[in-house]
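Inspection log for the structure reproduced underneath, given as structure tokens.
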Amino acid sequence: MNRLTVHLTDRSYTIVFSHGDLKPFAAYVRRHFHDARIFVVTNTLIERLYKDKISSALAKTGRSLKFISIPDGEKFKSLGSADRVYTRLIQNGANRSSLIVALGGGVIGDLAGFVAATYMRGVALVQMPTTLLAMVDSSIGGKVAINHPLGKNMIGAFYQPRAVFIDTAFLNTLPDREFLCGFAEVIKYGLILDRSFFEWMQTKFDRVQSLNRQAIRRTVERSCALKCRVIEKDEHERSLRMILNFGHTFGHALEGLSEFRLFKHGEAVFLGMVVAAHLSFKLKKISEADCAGIESFIKKFVIRFLTKPMRRFLGDVSESEFYQKLKSDKKVTQNSIRFIILRKIGRAGIQENVSELLVRQSIAYLNQWVNALHR
Ligand SMILES: NC(=O)c1ccc[n+]([C@@H]2O[C@H](COP(=O)([O-])OP(=O)(O)OC[C@H]3O[C@@H](n4cnc5c(N)ncnc54)[C@H](O)[C@@H]3O)[C@@H](O)[C@H]2O)c1
Ligand SMILES: [Zn+2]
């Protein structure tokens, strides 16, 4: 398989997989965007790495091509950056038949997607993810957003791309820490949707990590296929799509409590999945052996990123602070926290009315678990 269709009636689109080959993208532009101006929204780091490659891939199409770059970093996923991109689009004559290409990780995908959704009430968007996280998660599904100083992703929309081009050769320049972060989402898909994928990863992880081409390809393609299956059934996160938040309720609380300074998103999700798996076990949904298997796989990742300040933070944060933070999450409804738990490995569900005691015990467990890691 080198392509996958996301079936969403009139908003259906194709995800095209390649490795070091941007010809499918050039062919797509030639076929679908006659006389269109193309605007590649990216950051300065990625522009430095990949501008020449993208420009030469598109050179033969004869389309006008312009790069618009913002500085690198989550703090630039802001209204200020969107405003700067709008200005450059207007100055360069972007119109309703123009194409915006989001070239980058989730920050750029979300920001460029938000701009595409709103500029002239919506222009065509193509996602070209360059991080593992963006390849398996943020570039598909149509959630686009910018942050507000009072909260992450507070301003946004559902806006599906016209196509997604995933070229896994971009991963060759991705720093290790970012690569590991993407794995949090990959493992999440296995846990919530596909036991055999989870088991495959447990045995093949070394090959994936060394960027073995087949292993990476299987990892990315299977993850995308699983996410698509969920989005097709519940595009707007009314029910099923919520299971994609497995490990995220706790992870977001960790990110928020540490003021987004200590953990990268994927790192917080790894730790959040430890808590969520433990809670699933405490609720008697998964066996102790399954829970231990999940923890020992996640451990391989956590020991690689866990720093002293992270340990100190996890030791210092109180269960009540943590619990209060969970309750302040924007997804909490009428004071009841919805937890995504595992019913077994490969199947997840939504659980409300979980006793506060059990949640606090699971939070306390994380600290014990982390403390035991280096023994
Ligand atoms: N829309 C969604 O459904 C969705 C889902 C998950 C996450 N997100 C969002 O995604 C963002 C996180 O995305 P991310 O983890 O990709 O982070 P990111 O976009 O900040 O990228 C991580 C770092 O890697 C660099 N980078 C990107 N590609 C590179 C490459 N090929 N080579 C070298 N360096 C490269 C970036 O410049 C950045 O410094 C968050 O803002 C989050 O809210 C959105
Ligand atoms: Zn995530």
Give or take rounding to whole Å, what are the principal axis extents of the alpha carbon atoms in the range 314-375, in descending order? 39, 30, 19
Lysine pairs in the range 1-95 with alpha-carbon atoms under 21 Å apart, 8 or more places apart or on different chains: how many are there? 9
Hz values of 3J(HN,Hα) by residue in the range 221-230 - Karplus curve (6.51, -1.76, 1.60), Gly and Pro given as x: 5, 5, 4, 4, 4, 5, 5, 4, 4, 6
I need to check one value: relative contact order of the range 207-312, counting alpha carbon pairs closer than 8 Å and at least 6 residues apart, in percent. 18 percent
Send over the semi-axes of the range 1-98's equivalent ellipsoid, whole angstrom and largest first, taken as the square roots of 5 times the C-alpha gyration tensor eigenvalues. 24, 17, 17
Volume per residue, Å³, of the convex hull around the alpha-carbon atoms of the range 252-308? 82 Å³
5 angstrom amide H check on D72, placed H, neighbours 5+ away: T44, L45
Once you list every other residue whose beta carbon is under 12 Å from the beta carbon of A82, what net charge do they have if Lys and Arg are +1 and Asp and Glu are -1? +1
On a straight-distance basis, which lysines could pair with K308 in a cross-link, Cα separation under 21 angstrom, same-chain partners fewer than 8 positions away excluded? K264, K299, K300
Average the reciprocal distances over every distinct pair of alpha-carbons in the range 45-86, invert the result, and give the Kirkwood radius in Å. 11.9 Å
The chain: relative contact order in percent, alpha carbon pairs under 8 Å with at least 6 residues between: 13 percent
Rh by Kirkwood over Cα pairs, then Stokes-Einstein D for the chain at 1.567 mPa s and 4 °C, µm²/s: 61 µm²/s
Amide H neighbours of R3 under 5 Å, at least 5 residues apart or on other chains, H built in the peptide plane: list them. F17
Given the chain, what percent of its DSSP beta bridges are antiparallel, to the nearest 5? 40 percent
What is the sum of charges, Lys and Arg at +1 and Asp and Glu at -1, for the other residues whose Cβ falls under 10 Å from the Cβ of S97? +1
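How much net charge surrounds V274 when only the other residues with a Cβ under 9 Å from the Cβ of V274 are counted, with Lys and Arg +1 and Asp and Glu -1? Don't skip to the answer; put the middle values down first.
On the way: positive: K299; negative: E295.
Summing Lys/Arg as +1 and Asp/Glu as -1 gives 0.
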How large is the helix-only mean residue ellipticity at 222 nm for the chain, computed as the sum of -39500 (n - 2.57) over DSSP H runs with n ≥ 4, divided by its residue count, in deg cm²/dmol to the nearest 500? -16000 deg cm²/dmol
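Given the convex hull over the Cα atoms of the range 7-62, what projected area results after averaging over all orientations, in nm²?
Details: hull surface 20.0 nm².
The directionally averaged projection comes out at 5.0 nm².
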Please list 3J(HN,Hα) in residue order for the range 169-179, calculated via the Karplus relation 6.51 cos²θ - 1.76 cosθ + 1.60 where θ = phi - 60°; whole Hz, with x for glycine and proline. 5, 4, 5, 4, 9, 6, x, 3, 4, 5, 4
Going by a ≥ b ≥ c, the root eigenvalues of the Cα gyration tensor, does the range 121-175 fall in the rounded group (a/c under 1.5), the prolate group (a/b larger than b/c) or the oblate group? oblate
Along Cα→Cβ, 7 Å out, is where each label goes; now give me the distance between the ones at L373 and R213 in nm to one decimal. 3.5 nm
Exposed-loop cut sites defined as GluC sites (Glu not before Pro) in DSSP loop states with at most 15 other Cβ within 10 angstrom; longest site-free run of the chain spans 1-258
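Only the coordinates and a few stated rules stand behind these numbers; no lab work does. Remember, it's a predicted structure, so these values are computed and weren't measured experimentally. As a convention, Cβ positions derive from the backbone with ideal geometry for all residues, glycine included, and neighbour counts pool all protein chains shown.
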